[in-house]
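Okay, so here's the structure we're looking at.
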Amino acid sequence: MNSSTTVETPAGPFTIVVGPSGAVRGAGFTSDVAAVLAVIHPSLRGPVREHRELGGVTDAVRAYFDGELTAIDAVPVEQHADGAFLSEAWRALRDIKAGAPVSYAAFAARTGRPTAIRAAAAACARNAVALFVPCHRVIRSDGSLGGYRWGLAAKRWLLDHEQRERALTSGPTEDRVV
């Protein structure tokens, strides 16, 4: 059975669904568990029991919003990919550092397919575990946000939060998209 909880964050309510193994199967900036379940692959959905806390997963989310940007990096995730490209793209997303967003073209290059910019964007759109697989860190080459399933206000907040926290811990950074 899956478990879920909703954490109040400065970017809005954040609902998390974890599987029996404790891996995050779905997450998004909403208080609607059904909306998060809808993005999870049908083979991973199953029934859900709501909880107040999800242990280390909930702790990692709170730590991230308190400024410990790497707290979410080690949280295990479980997604079903329809092919090798999606798996590679989701892995590549987890390698993008907080406070250092990349363009869709640069993200495509990180997947090993530099000309697959639309496929890279589609991988972001199909990501069911927002924040943990940080598709919000991919933006357009001109610096504009592009899209985000959970709303551009949440994406902007996350990017600004990461930029602020990175500046506090490592000093000034360039505002350049790679």
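No value in this document is a laboratory result; all are computed from the given coordinates. Since we're looking at a predicted model, the values are computed, not measured. When we count neighbours, we look across all protein chains shown, and the Cβ atoms used for this are built from the backbone with ideal geometry, even at glycine.
Numerical summary
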| item | result |
| --- | --- |
| Residue satisfying condition, being basic (Lys, Arg), surrounded by fewer than 19 Cβ atoms within 10 Å (Cβ to Cβ) and under 12 Å from the mean Cα position of the chain (by Cα), within set ARG118, ARG126 | ARG126 |
| Test result for GLY99, surrounded by 15 or more Cβ atoms within 10 Å (Cβ to Cβ) and not charged (D, E, K, R) | yes |
| Qualifying residue in the range 49-65 (condition: touching a Lys or Arg at 6+ places or on another chain (Cβ under 8 Å), touching a residue at least 12 places away in the same chain (Cβ under 8 Å) and either under 20 Å from ARG149 (Cα atoms) or in a loop (DSSP other than H, G, I, E, B) (or both)) | no |
